[in-house]
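Structure first, then comments.
The values are calculated or read from the model by the stated rules, or taken from the named source; none is laboratory data. Note that this is a predicted model, so its numbers are computed, not measured. Backbone-built Cβ (ideal geometry, glycine too); neighbour counts: all protein chains shown. The accessibility values were calculated without ligands, DNA or RNA, using every heavy atom of the protein model including side chains. Shrake-Rupley method; radii C 1.70, N 1.55, O 1.52, S 1.80 Å.
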Amino acid sequence: MTSPPETVSVSDLAYQEHILQGVSRTFALTIPQLPTGLRDVVGNAYLLCRITDTIEDDPALSAGQKRAFAERFAEIVAGREEAEPFANELGALLSSAATEDERDLVANADRVIRVASGFNAAQRAALERCVRIMAGGMAEFQQNATPDGLNDVPHLDRYCYYVAGVVGEMLTELFCDYSGKINERREELLPLSVSFGQGLQMTNILKDLWDDRERGACWLPRDVFLAAGFDLRSLSEGQAHPGFVQGLSRLVGIARGHLANALRYALIIPARETGIRRHCLWALGMAVLTLRRIHATPAFRSGQEVKISRRSVWAVVIFTSILARSNRALTFLFRILTKRLPSP
């Protein structure tokens, strides 16, 4: 097991724990479930990715600015550039679309980088690779972002890899560094980790499709909807066109297939590693419940309409925690919850 050495400031670690609560309700819930040897590095990894996300999502930044800031941040994570000038310049350009917590995170990027610099070589390499690939991929897609959607499913797969699949690979490398038993299954876990990330990302894309369109972007694949007789260029809020519903249903089915792989991933983790299993299962369970709401309400007009309730979150937490060690029970629960979702 590894954790940041004593040279890492306690206040920087405290800041990391504090800001996680503000930038992600889900990860603030799941990361503390991890064992001590993983908690700090995974929390740090999420914050690095969140800074990259903030660059991608801000509508005030041009595609060129997003590429420049993303590439610069990758250099900072690699230790080849200072964080403070970057934070000052980016912070001054962020629009009102950025939340106060996101602004605070960017302003304190140097503290997050200081924590990252204290991890072991394998951990730092995993973080650097993830941010570098994510930064390059996001910049590529932002340059071609359009409210008319992506060309096809392969383009969607590629986008999901850049923003989530690579995160799954990074987490797998961190889990393998932490545990020799997990490392023995590394070659099985890596492809499943990409699918795991894609399942979570596709769920978010479907949930946030109207919010994304407000920013002038759409990550839905045109080919799926054209095959159903619907053109995404005519998409409008509350759409109940049969072709749109059919296309949405197919994407829900694809996401379901990826989440089935996410379950396979979680079940490979040794049963005694209940903290890592909970971390995976809670994210998986919340995604499944969100997909159920999307499928049941295809004419939803905002992400809030299909966002799962706090009660549902705690139901996921309680049931998956009770069943965390039982592969058979978890498989049965997944089948029950996904029974009414379209097949992949």
For the stretch 173-187, pairs from a residue that is crowded, with 19+ Cβ neighbours inside 10 Å to a residue that is modelled with pLDDT under 95, with Cβ under 8 Å and 6 or more apart or across chains, are Asp177/Thr2; Tyr178/Met1; Tyr178/Thr2; Tyr178/Gly37
Within the stretch 227-242, the residues that are over 26 Å from the mean Cα position of the chain (by Cα), part of a helix (DSSP H, G or I) and either at pLDDT below 95 or crowded, with 18+ Cβ neighbours inside 10 Å (or both) are Arg233, Ser234, Pro242
If you go through Val8, Val42, the only one that is part of a helix (DSSP H, G or I), open to solvent by less than 30 Å² (accessible area, probe 1.4 Å) and out of contact with any strand residue (DSSP E or B) (no Cβ under 8 Å at 6 or more places or on another chain) is Val42
Note: among Glu100, Glu82, Glu75, just one is closer than 18 Å to Met134 by Cα and either under 21 Å from the mean Cα position of the chain (by Cα) or not basic (Lys, Arg) (or both), namely Glu75
Residue hits (the stretch 291-332; of a type in the set (A, V, I, L, M, F, W, C) and either closer than 13 Å to Leu209 by Cα or touching a Ser or Thr at 6+ places or on another chain (Cβ under 8 Å) (or both)) are Leu291, Ile294, Ala299, Phe300, Val306, Ile308, Ala324, Leu330
If you go through Gly137, Gly197, Gly165, Gly118, the only one that is assigned to a helix (DSSP H, G or I), in contact (Cβ under 8 Å) with a residue 24 or more places away in the chain, surrounded by fewer than 22 Cβ atoms within 10 Å (Cβ to Cβ) and of a type outside the set (Ser, Thr, Tyr) is Gly137
In the set Leu61, Leu20, Leu29, the lone residue that is outside any helix (DSSP H, G or I), among the hydrophobic types (A, V, I, L, M, F, W, C) and open to solvent by less than 60 Å² (accessible area, probe 1.4 Å) is Leu61
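Can you pull out the residues in the stretch 257-283 that are in contact with a Gly (Cβ under 9 Å, 6 or more places away or on another chain), under 20 Å from Val313 (Cα atoms) and surrounded by fewer than 24 Cβ atoms within 10 Å (Cβ to Cβ)?
Result: Ala260, single match.
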Selection from the stretch 84-115 of residues in contact with a helix residue (DSSP H, G or I) (Cβ under 8 Å, 6 or more places away or on another chain), open to solvent by 40 Å² or more (accessible area, probe 1.4 Å), not in a helix (DSSP H, G or I) and not aliphatic (A, V, I, L, M) yields Thr99
When the stretch 236-255 is checked residue by residue, the ones that are closer than 20 Å to Gln201 by Cβ and either without any contact (Cβ under 8 Å) to a residue 40 or more places away in the chain or among the charged types (D, E, K, R) (or both) are Gly247, Arg250
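Considering every residue within the stretch 282-290, establish whether at least one is within 19 Å of the chain's Cα centre (by Cα) and farther than 28 Å from Arg186 by Cβ.
The answer is yes, given that some residue of the stretch 282-290 is within 19 Å of the chain's Cα centre (by Cα) and farther than 28 Å from Arg186 by Cβ.
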